[in-house]
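So the structure is just underneath, and the comments pick up after that.
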Amino acid sequence: MADGPWLAHYPPEVPPELSYPEAPLHHFLERAVSNRTALIFFGRRTSYAAFWRRALTLAAALRMRGIKPGDRVATALPNCPQAAVAFFGILAAGAVSVPCNPLYTERELALQLRDSGSRGLIALDLLQPRVPRADLEWVAYASIGEALPTHLALLQRLRQRPPAIAAGERYADLLAGTPEPPTPVASDDLAVLQYTGGTTGTAKGVMLSHRNLVANMIQTLAWMYRTRPAGEVILGVLPLFHVYGLSSVLNYGVASRATLVLVPRLDYGQLVGMIRRHRPSIFPGAPTMYAGLIQYLQAHPGPLPPIEAGMSGSAPLPVEVQHRFEALTGIHLVEGYGLSEASPVTHCNPVWGGARVGSIGLPWPDTDARIIDPATGAGMPTGDVGELCVRGPQVMRGYWRRPEETAEVLSADGWLRTGDLARMDEDGYFYIAGRRKDLIIASGFNIYPREVEDILRMHPAVEDVAVIGVPDHYRGETVKAVVQTHAQLSAEELDVFCRKHLAPYKVPKHYEFRDSLPRSAVGKVLYRVLREEPEP
């Protein structure tokens, strides 16, 4: 595996093939036990020893409540110590973690709980009105105040008393018992049901085994070869309920025995303060986070401490955002690529030399990648755009209780169709052109939204943009740009600008101006929402 032209461009420190221990994911937390700080939450520190002890105590409490190996237990928590402990406690009980977005409505939460068959839920206490109790055997509620330093907890209680628990129990009571050894599990046992598909349709549960997640963790450790064991500080602003944050912050952090600075919500002033106070060395983020930091730092000038590795994922990194962020902060960004179905990372640019702007980089160790014709499945020549397919030990077992949909994307020999259109250059670097479902075909011409978006973002008044196809009685489909601006701008001005940089058939025929674009929890634009909106 990992055989291709990209091997010549691998950093010499990264072997193309790795070995993976036959161990469950939580073994790496047990291995990290020490007095070293694992978690920082608004200044309150939790050691790795306390982290593991609480996870084992929670696992014992779950077993007392009837949780058996293979049972699903859901969580709906922001980034806080309880979220990290709950994840590993569920695994140590032999159960399957079902992370839920705490911003979900009651309807959305109920759909995910029912589909997964979750028996219990650990949720933030403020979510009580949205928790569908009829779908659950038990619920435990955590309070942010329980994780804060004493002085901040007192201040919070003065501002807003924690809500009473009307039906359920307190998370803190689950930790009042005695820790017990973890339940034995096999590497191929299911560890996480990660729901995906919300940007394009009905969410599906991606089945990720312990083996899948451990493999992606080992791959991350290999790729980050210059980082120091037990010496890094990771900024945990990506939500842990999302697979990107779960992998690049929590799992990688535990495996490398790093200190994780947990950020429960994205407030740029607070985020900049944490960066200056805790001086993180690794910052996994999303393009919208970097764009937001640019705006904040332009309005509130001041230097940031050096960060060894800034990594962007979850959505394409606009070239303009990368250049502006690096020029403003001096922090080097590299773009990577992944999807929930692959635990999630499959590609990344070399962190220390060899990165290419606009590229998602090289396939990771033990990861094969190829470009196929979406219609025929035949391989495409180097440089041509087709569908990106990947294969490796991090690729999912399939979709939860959806064999037909699994068969559509996962072949018998392990190739996963990503649904993304991409091309590979002669050196084995990959470039994303857009989602296959987002491809616009106007008068027989293929138009890739990302190309048009990249041009529009070059305009100084454009903050962000999403390009979609809309019906057209003559062309079949035509191009519409939904534009987020931070200055006065007209459709005529944008049209003139686009015609300087794009072939006529690629130039948008419709422009719509907005204050913001609909986004997922990690800032990914929800193109499905834009396409489903009625035309004015």
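Figures for the structure shown
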{"item": "Conditions (1) surrounded by 14 or more Cβ atoms within 10 Å (Cβ to Cβ); (2) of a type in the set (A, V, I, L, M); (3) in a loop (DSSP other than H, G, I, E, B); number of the one not met by A167", "result": "(1)"}
{"item": "Boolean, P318 is closer than 20 Å to S247 by Cβ and in contact (Cβ under 8 Å) with a residue 24 or more places away in the chain", "result": "no"}
{"item": "Filtered residue count, the stretch 100-155, keeping only those that are outside any helix (DSSP H, G or I) and modelled with pLDDT of 90 or more", "result": "21"}
{"item": "Enumerated strands (runs of 3 or more DSSP E) restricted to the stretch 257-349, each holding at least 1 residues that are of a type in the set (S, T, N, Q)", "result": "259-262, 309-312, 345-348"}
{"item": "The one condition in (1) in contact (Cβ under 8 Å) with a residue 40 or more places away in the chain; (2) farther than 30 Å from M217 by Cβ; (3) more than 23 Å from the chain's Cα centre (by Cα); (4) surrounded by 14 or more Cβ atoms within 10 Å (Cβ to Cβ) that D438 fails to fulfil", "result": "(3)"}
{"item": "Failed item in (1) at pLDDT 95 or above; (2) of a type outside the set (D, E, K, R); (3) farther than 27 Å from G523 by Cβ; (4) out of contact with any His (no Cβ under 9 Å at 6 or more places or on another chain), with G4 passing the rest", "result": "(1)"}
{"item": "The stretch 278-310: number of residues that are of a type in the set (F, W, Y) and either without any contact (Cβ under 8 Å) to a residue 24 or more places away in the chain or touching a Pro at 6+ places or on another chain (Cβ under 8 Å) (or both)", "result": "0"}
{"item": "Hits in the stretch 133-158 (condition: touching a strand residue (DSSP E or B) at 6+ places or on another chain (Cβ under 9 Å), touching a residue at least 12 places away in the same chain (Cβ under 8 Å) and surrounded by fewer than 16 Cβ atoms within 10 Å (Cβ to Cβ))", "result": "R133, E137, P149"}
{"item": "Hits in the stretch 371-415 (condition: outside any loop (DSSP other than H, G, I, E, B) and farther than 18 Å from G434 by Cβ)", "result": "G379, R391, G398, Y399, P403, E404, E405, T406, A407, E408, L410"}
{"item": "Given (1) under 30 Å from F241 (Cβ atoms); (2) assigned to a loop (DSSP other than H, G, I, E, B); (3) out of contact with any helix residue (DSSP H, G or I) (no Cβ under 8 Å at 6 or more places or on another chain), index of the condition Y431 fails", "result": "(2)"}
{"item": "Selection from the stretch 47-82 of residues that are under 18 Å from the mean Cα position of the chain (by Cα) and either under 22 Å from N35 (Cβ atoms) or at pLDDT below 95 (or both)", "result": "C80"}
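The values are calculated or read from the model by the stated rules, or taken from the named source; none is laboratory data. All figures in this text were calculated on a predicted structure; none of them were measured in a lab. Heads up, the Cβs are rebuilt from the backbone with ideal geometry, glycines too, and the neighbour counts pull from every protein chain shown.
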